[in-house]
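Have a look at the structure below before the remarks.
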2 protein chains.
Amino acid sequence: MRGIPDRADTRNPATHRADTFGPNGKNQPLAKQRATRSVGCDGRAGELSCRSQKLMLQAGLIHPASPGCYHYLPPTVRAMEKLIRVMDEEMQAVGGQKVNMPSLSSAELWHASGRWNKMGTELFRLEDRHGKEYCLGPTHEEAVTELVAAHSNLSYKQLPLRLYQITRKFRDEPKPRFGLLRSREFYMKDMYTFDTSEEAARQTYKLVCDAYCSLFDRLGLPFVKVQAATGNIGGTMSHEFQLPADVGEDRLVLCPDGHFAANVEMLNGERTSCPTCGEKLIQTRGIEVGHTFYLGTKYSSISNAVFCSPENKPQLAEMGCYGLGVTRILAASIEVLSTEDNIRWPSLITPYQLCFIPPKRGSKEEEEGAALLDRLYNDLAEVLPHLAGDSVLDDRTQLTIGKRLKDANKLGYPYVIVAGKRVCEDPSVFEVWNQNAGEVLFLTKEGVIELLSKAQVP
Amino acid sequence: MRGIPDRADTRNPATHRADTFGPNGKNQPLAKQRATRSVGCDGRAGELSCRSQKLMLQAGLIHPASPGCYHYLPPTVRAMEKLIRVMDEEMQAVGGQKVNMPSLSSAELWHASGRWNKMGTELFRLEDRHGKEYCLGPTHEEAVTELVAAHSNLSYKQLPLRLYQITRKFRDEPKPRFGLLRSREFYMKDMYTFDTSEEAARQTYKLVCDAYCSLFDRLGLPFVKVQAATGNIGGTMSHEFQLPADVGEDRLVLCPDGHFAANVEMLNGERTSCPTCGEKLIQTRGIEVGHTFYLGTKYSSISNAVFCSPENKPQLAEMGCYGLGVTRILAASIEVLSTEDNIRWPSLITPYQLCFIPPKRGSKEEEEGAALLDRLYNDLAEVLPHLAGDSVLDDRTQLTIGKRLKDANKLGYPYVIVAGKRVCEDPSVFEVWNQNAGEVLFLTKEGVIELLSKAQVP
């Protein structure tokens, strides 16, 4: 892992100083917070294969551990936690209850569903000290159905039941690649729903699909919802949520008027025109970031997951399952929003909202500029405490402002506040880089605070 | 998993109605929220072995999946997320940066440290599709040291580095038992620190130990910090944080005047009197909830984790590692705080702060009482929105108030608000059960809101 060439100049301000302007530091003067800590990055040139992987390695967001397994470094963990919060909101808005199921999943469960053999080499398999077989769950239809089946006194009044978890999943990919886009360990949000009838289950299906649309809308990600094949999971209806991107591994066909959209996998043979309006279909590639399945009773019939009907009869629950790739959405967002050199995040999930850059060491603004930036930060912390806790100080003052600004651009902070040449004017003027708007503003302290108050930063 | 006898009467209001009064429901009238959803519980009489396990199964907080592996049901996930928030605060207050390392840990790393053999059957081991060997990380000294070693341009200015994660860990326990106290999958907070000198590392050690004390103080848990053996992890100094409890698996000796405290494991032979004051030592048992190790260069020398000294020479980092059992603290809290029948939580991490109990169906207070409780909830949501989002409505109105109150006691909501006989008085009077104080108050709507405003509920 060591001795790799192209690493030296990729130090990462966010990770260096993640603790510098933390939520706990807001009452401390900047001068006392000048710790420099680092988990940098590692770019293995031979393996770089897409924009998000390259940018995430360069920026020190991830670090390879073994093929398809990555350490998530501090900014990634922050972004992931923000994304999880948005997912929690959306899932709870549709009645989702959060659970957490074990990773170790007993072979018996998978034999019963027939997937122990069907899943082949994609399942990581292991034995415990007593020789009992397990797999590491890549998905949890069997486990959750067994859990619900164990509640044998479930009444129709208690349905719909919508259980979800956001946990680490495992898949022994034949060729892990593209960083977090196709890794062997990844985080997934998976929801499993149980309804009293096909009609109710189809309503649930629509509700969850709408929540997915809302999630991607809130993230500002261009997505398409396409008809999809049901594959190993099974069921009779399935959709994928795809982010169009050249690096995407799925081939999609889309009606230009929005009447039809499908993954070509699910089509019988080639289709070139829209089945509704006859328009010529557009071909594109996509990154699958969500997948929904209407399962019917496929799993409930195996585990006998029943509820008590109004007529007091046991009846099989109608199921659906719904996945969202957590780490994949992070990487896919970077893939589709970033420029070649600079990461851009959905603003809801950017690791930090602000980066502060004090003057260079030895410059004539050094002391006064640092103090003024300090004061700006403190005032900001009073008015917008949440934002202050979402800030980084790039105190690598041995580097020029230009070099640090370039790094800040790479990391994709939405706002970069620089104590530059004009900081010693009266009143002092800060340079504010609004990265998403691509503009630089010269603002007084009050101006900065006003801008950020209005910016409706999440 | 099905067909187990003593399960029928253990329905759990918290999970039934977790979504009823959710953060998203605060503006909706109660009448529209009467969904009843359930993940109940499963008490396998033969396996019950300690209070927390029995209570958690009965209350529907956990459900067994396979030996030593549990599903965490909605209230447990809520409590766990609250506990994680407190841990994040404490770790970030001592400069901790949050990372997330893979579960799959390559055998090579463990061979290099000698622990591939030393850990024996406690390691879950597996091979990937290419026959490459891995274990499922029970702890991450090797992985994190390799991560830091890969940053070969680390300067002394960037230390101390304090990295932590809160993730699922795996240990193939010979006899998993006591529910979440000794399971095969569990959540752990593990921090790894890197310092420039032994002195600096000892300062870090003290700082993190103090953070642990602060955490247990904030949770209101009676704990002792004892000298401990270093075991498989190694190093030269170690302490455990123990909650005294009969069910604890560790034997401790304590000086009654606080001069000495140790796990008997680490003593050479029997010790009956305090080495400092000579007082007779008290013997007790404890549940280990935290463990700290001063590691020195044991791991950094294996991975060559070096930093660049002020003299520009590579120098081995001095390390420490620090664990807190997340799921174990949850269960241990319940173990030491609860009565035989009723769960009591540290108030910082109780799954819900409030439970609302409307009148019984068919009672003369039914309609008016439900409406008044509804109004109380809405007013509360306006004044104390955070608290309103931390509430449950027990709308199983087919049950008497007494039965539901008993269930609420079992679950351990700090406050239970009942629309009882006096709700139709003018002004209406609610029964408020303050579980921790063990008192019942009869209060008007304004009185309830005043009580809860003053209660400084977290």
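The values are calculated or read from the model by the stated rules, or taken from the named source; none is laboratory data. Keep in mind it's a predicted model, so treat the numbers as computed, not measured. Positions of Cβ are generated from backbone atoms using ideal geometry, with glycine treated the same way; all protein chains shown enter the neighbour counts. Note: areas computed on protein heavy atoms with side chains; ligands, DNA, RNA excluded. Shrake-Rupley method; radii C 1.70, N 1.55, O 1.52, S 1.80 Å.
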In whole percent, the fraction of accessible protein surface over the protein assembly as shown that belongs to carbon or sulfur atoms, probe radius 1.4 Å, stands at 49
Largest-first principal axis extents of the Cα set of chain B (Å): 81, 60, 46
Go through segment B:379-392 residue by residue and turn each phi into a ³J(HN,Hα) via Karplus (6.51, -1.76, 1.60, θ = phi - 60°); whole Hz please, and just put x for glycine and proline. 5, 4, 4, 6, 7, 10, x, 4, 5, 5, x, 10, 10, 10
Under unit Cβ charges (Lys, Arg +1; Asp, Glu -1), what dipole magnitude, rounded to 20 debye, does segment B:79-336 have relative to its Cα centre? 300
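Hey, got the average number of other protein chain Cβ atoms within 10 angstrom for residues in A:120-132? Walk me through the numbers on the way to the answer.
On the way: counts 1, 3, 1, 1, 8, 4, 9, 4, 9, 10, 4, 0, 2.
That average works out to 4.
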Sorting A:S273, A:S428, A:P314 by the position of each Cα along the dipole of chain A (Lys, Arg +1; Asp, Glu -1; all at Cβ), the one nearest the positive end of that ordering is A:S428
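So for segment B:79-336, Kirkwood radius off the Cα pairs, Stokes-Einstein at 4 °C and 1.567 mPa s: how many µm² s⁻¹? Kindly include the intermediate steps, with their values, before the conclusion.
Working: Rh = 19.2 Å.
My calculation gives 68 µm²/s for D.
Please state the charge dipole magnitude for the protein assembly as shown, taken about the Cα centre, from unit charges on C-beta atoms (+1 on K and R, -1 on D and E), reported in debye and rounded to the nearest 20.
Values: 110 positive and 114 negative charges, 182 e Å.
Using only the charged Cβ atoms, the result is roughly 880 debye.
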Looking at segment B:349-454 only, what percent of DSSP beta bridges run antiparallel? Nearest 5 please. 55
Set Lys and Arg Cβ to +1 and Asp and Glu Cβ to -1, take the dipole of the protein assembly as shown about its Cα centre, and tell me which of A:V253, B:Q242, A:F170 lies farthest positive. A:F170
With the label set 7 Å along Cα→Cβ, B:G269 is separated from its counterparts in the other copies, in nm and shortest first, by 9.1
Just the accessible area per residue of segment A:76-337, please: how many Å² with a 1.4 Å probe? 36
Any idea what the relative contact order of segment B:354-429 is, in percent, if you count C-alpha pairs under 8 Å spaced at least 6 apart? 50
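Ordering B:D246, B:D257 by accessible area with a probe of 1.4 Å, largest first, what comes out?
Values: B:D246 145, B:D257 95 Å².
Largest accessible area first, the residues go B:D246, B:D257.
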Tell me the relative contact order for segment B:203-362 as a rounded percent, counting alpha carbon contacts under 8 Å between residues six or more apart. 21
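Considering only Cα-Cα distances, which of the following residue pairs are longer than 23 Å: A:K189/B:K82; A:K410/A:K454; B:K189/B:K298; A:K406/B:K98?
Details: A:K189/B:K82 19 Å; A:K410/A:K454 25 Å; B:K189/B:K298 21 Å; A:K406/B:K98 25 Å.
Flagged as over cut-off: A:K410/A:K454; A:K406/B:K98.
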With contacts defined as alpha carbon pairs under 8 Å and 6 or more residues apart, what's the relative contact order of chain B in percent? 16
Looking only at other chains, what is the average number of their beta-carbon atoms within 10 angstrom of each beta-carbon in A:156-162? 5
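Computed on protein heavy atoms with a 1.4 Å probe, what is the summed buried accessible area for the chain pair B and A, in Å² to the nearest 100? Could the numbers behind the result be given before it?
On the way: alone 20460 and 20400 Å², together 34160 Å².
Summing both sides, the interface buries roughly 6700 Å².
Hey, with R₀ at 41 Å, roughly what FRET efficiency would A:A229 and B:N153 work out to, going by the Cβ-Cβ distance, to 0.05? Can you show the working numbers first?
Details: r = 48 Å, r/R0 = 1.16.
Efficiency, from the Cβ-Cβ distance: 0.30.
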Heavy atoms of B:M237 accessible to a 1.4 Å probe, total area in Å² rounded to 10: 50
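Output the antiparallel fraction of DSSP beta bridges having both residues in chain A, as a percent to the nearest 5.
On the way: 68 of 79 bridges.
Rounded to the nearest five, the antiparallel share is 85 percent.
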With the dipole of segment B:349-454 defined by +1 on each Lys or Arg Cβ and -1 on each Asp or Glu Cβ, the option from B:L443, B:A388, B:T350 whose Cα lies farthest towards the positive pole is B:T350
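Among the DSSP beta bridges whose two residues both lie in the protein assembly as shown, what percent are antiparallel, rounded to the nearest 5? Write down the numbers at each step before the final one.
On the way: 139 of 161 bridges.
In the protein assembly as shown, approximately 85 percent of DSSP beta bridges are antiparallel ones.
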Could you give, in nm with one decimal, how far A:E127 is from each other copy of that position, shortest first, with labels 7 Å out from Cα toward Cβ? 1.2
For the protein assembly as shown, the fraction of alpha-carbon pairs in successive 20 Å shells from zero, as %: 13, 44, 36, 6, 0
Round to a whole angstrom and tell me the spacing of the C-alpha centers of segment A:176-190 and segment B:217-232. 37
From the protein chains alone at 1.4 Å, what is the descending order of accessible area for B:E146, B:E141, largest first? B:E146, B:E141
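Within 10 Å of each Cβ in peptide A:274-284, how many partner chain Cβ atoms are there on average? Round it to a whole number, please.
Numbers: counts 0, 0, 0, 0, 0, 0, 0, 0, 0, 0, 0.
Whole-number average of other-chain Cβ neighbours for A:274-284 is 0.
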So what is the orientation-averaged projected area of segment A:321-383, using the convex hull of its C-alpha atoms, in nm²? 7.3
Per-residue accessible area for A:R168 at 1.4 Å probe radius, Å² rounded to 10? 20
Within segment B:326-426, report the GluC sites (Glu not before Pro) that DSSP leaves as loop and that have at most 11 other Cβ atoms within 10 Å. B:E340, B:E425
How would A:R285, B:R396 line up by accessible area, probe 1.4 Å, largest first? A:R285, B:R396
Which chain A residue puts its Cβ closest to the axis that rotates A onto B, and at what distance in whole Å? A:L126, 2
Treating the point 7 Å from Cα along Cα-beta-carbon as the label, what are the nm separations from B:L441 to the other copies, to one decimal? 4.7
How much solvent-accessible surface does A:F178 expose, in Å² to the nearest 10, with a 1.4 Å probe and all protein chains in place? 40
